[in-house]
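Here's the structure we're looking at; comments come further down.
The values are calculated or read from the model by the stated rules, or taken from the named source; none is laboratory data. What you see is a predicted model, and the numbers here were worked out from it, not measured in a lab. FYI the Cβ positions are ideal-geometry reconstructions off the backbone, even for glycines, and counts take in every protein chain you see.
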Amino acid sequence: MAKITLGLPYKGSKNRIAQKLLDVMPSGSVFVDLFCGGCAVTHAAIITGKYKRFICNDIDGAMPRLFLDCINGKYKDEKRWISREDFERMKNDDAYIRSVWSFGNNGVGYMYSKEVEPWKKALHYARSFGDFSLLREFGIDSDGSRADIIKHHDEYKKKYVAWYVENVIGKQYREELEKDLEGKIAEQSEELRLYLVKARDDAGLTSSDVDRLLGTNGMAGHYFGKSQWEFPTREAYEIMRSAMPSLVDYDEVYGYADLLQSLESLERLESLERLQSLERLQSLESLQSLQRLERLQSLEVHSGDYLAVDIPAGAVVYCDIPYRGTSEYVAGAFDHDAFYEWALSRPFPVYVSEYSMPSEFTEVWSVSHRSIFSISAKKGVTERLFCNRAQARLGQLSFL
């Protein structure tokens, strides 16, 4: 099967390995994706032709419904720009907004920092509507194309930073920020570090827990330790707030102290991640044009607890449960022990993606890769597929 983009843009998506997972799992009359998330594995199962019926379920039923909407062409001509205010207002009621316009597709925080948002909006208008007026406001004469942005990267970044400081922050702050920023951070660093440490300890977390929450490898050590200390980025801080209740609003604590650092870190001005995510949604229409209508008509969508799903005879069941020790588990929203007991008592094969499982489960496949949420991570993680039934080991595969 040719490699294609599978499912919705979703934090923890199995898009990269879904086809390999399906190669390991046997054929059957029904494929059941009990924790379908962004539906990447369901998508791969539909394509394989190994199953006649499909059942996908998620506690958040909005995601599988969004998957169906994409297949049916709802987002074929989607071009809207969603602002930070739009996102906060609409994310709880609109799965498209929550999935495509959130940071790392985590469904929680807006995907762009306040400092970068005007730039991304200008690129969006240039590429989606052929409207270059926002770029012109920055003093940039560009068509917004990737090639042109890369070619003039340093020039455009300098102009944008100057525009932002001039128009958003105001002239009166510029000299003060440039002159006093380093000193102010140094003076406040220990106070800020202890504030983060207290919030972490109050939540009963470790630095390793925070790394798993953020999808990083060792970065949390810089937030809580004295060596090479730094304050979290706005995006990382907002994710930490979801598990550390005593953290207050970012601007109340850090104010403008991260301004110049944020502006100077725009190393990927050419990127427009939202359009890349939207292209994935639009590409799901191809399911209709590949003579798979019968399979799509056999797709059932459910919303709720996995225990409530009626699993028919002859089913092959796949479970992408919240990984133990990750942010989902920290939040206490999933009973892993109850799931293990359920899976081991089933009379049909239950395949489970996890890093590790109790010894009663059989590991049938594994793959090593770097975390997609940490560019700086040097150590990889090993995704494993387990089965509730003893069977021959199918070997290990690995890639970076």
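Assorted remarks:
- Hits in the stretch 95-123 (condition: part of a loop (DSSP other than H, G, I, E, B) and either of a type in the set (D, E, K, R) or in contact with a strand residue (DSSP E or B) (Cβ under 8 Å, 6 or more places away or on another chain) (or both)): Trp101, Val108, Gly109, Met111, Lys114, Glu115
- Residue within the stretch 42-58 that is in contact with a Ser or Thr (Cβ under 7 Å, 6 or more places away or on another chain), of a type in the set (D, E, K, R) and surrounded by fewer than 15 Cβ atoms within 10 Å (Cβ to Cβ) present: yes
- If you filter the stretch 66-86 down to residues that are surrounded by fewer than 13 Cβ atoms within 10 Å (Cβ to Cβ) and among the acidic types (Asp, Glu), you find that the one that is nearest to Gly7 (Cα to Cα) is Asp77.
- Residue match in the stretch 124-131 (condition: within 30 Å of Lys76 (Cβ to Cβ), hydroxyl-bearing (Ser, Thr, Tyr) and either out of contact with any Ser or Thr (no Cβ under 8 Å at 6 or more places or on another chain) or modelled with pLDDT of 80 or more (or both)): yes
- Pair list, Cβ under 9 Å, 6 or more apart: the stretch 141-170 residue more than 23 Å from Lys114 (Cβ to Cβ) and without any contact (Cβ under 8 Å) to a residue 40 or more places away in the chain, other residue in a helix (DSSP H, G or I) and hydroxyl-bearing (Ser, Thr, Tyr): Asp148/Tyr156
- Per the conditions (1) at pLDDT below 95; (2) part of a loop (DSSP other than H, G, I, E, B); (3) not aromatic (Phe, Trp, Tyr), the sole criterion not satisfied by Leu287 is (2).
- The listed residues are Leu213, Leu194, and the only one of them that is at pLDDT 85 or above, exposed (fewer than 13 other Cβ atoms within 10 Å of the Cβ), part of a helix (DSSP H, G or I) and not assigned by TED's automatic domain parsing to the domain that holds Ala40 turns out to be Leu194.
- Test: residue in the stretch 18-36 that is out of contact with any Phe, Trp or Tyr (no Cβ under 6 Å at 6 or more places or on another chain) and farther than 22 Å from Asn388 by Cβ: yes
- Boolean, Lys91 is in the same structural domain as Gly7 (by TED's automatic domain parsing), more than 19 Å from the chain's Cα centre (by Cα) and either modelled with pLDDT under 95 or not aliphatic (A, V, I, L, M) (or both): no
- Breaking point among (1) modelled with pLDDT of 80 or more; (2) within 30 Å of Lys159 (Cα to Cα); (3) in contact with an Asp or Glu (Cβ under 9 Å, 6 or more places away or on another chain), for Tyr237: (3)
- Taken together, the residues in the stretch 314-333 that are over 18 Å from Leu214 (Cβ atoms) and either at pLDDT 90 or above or buried (at least 20 other Cβ atoms within 10 Å of the Cβ) (or both) amount to 7.
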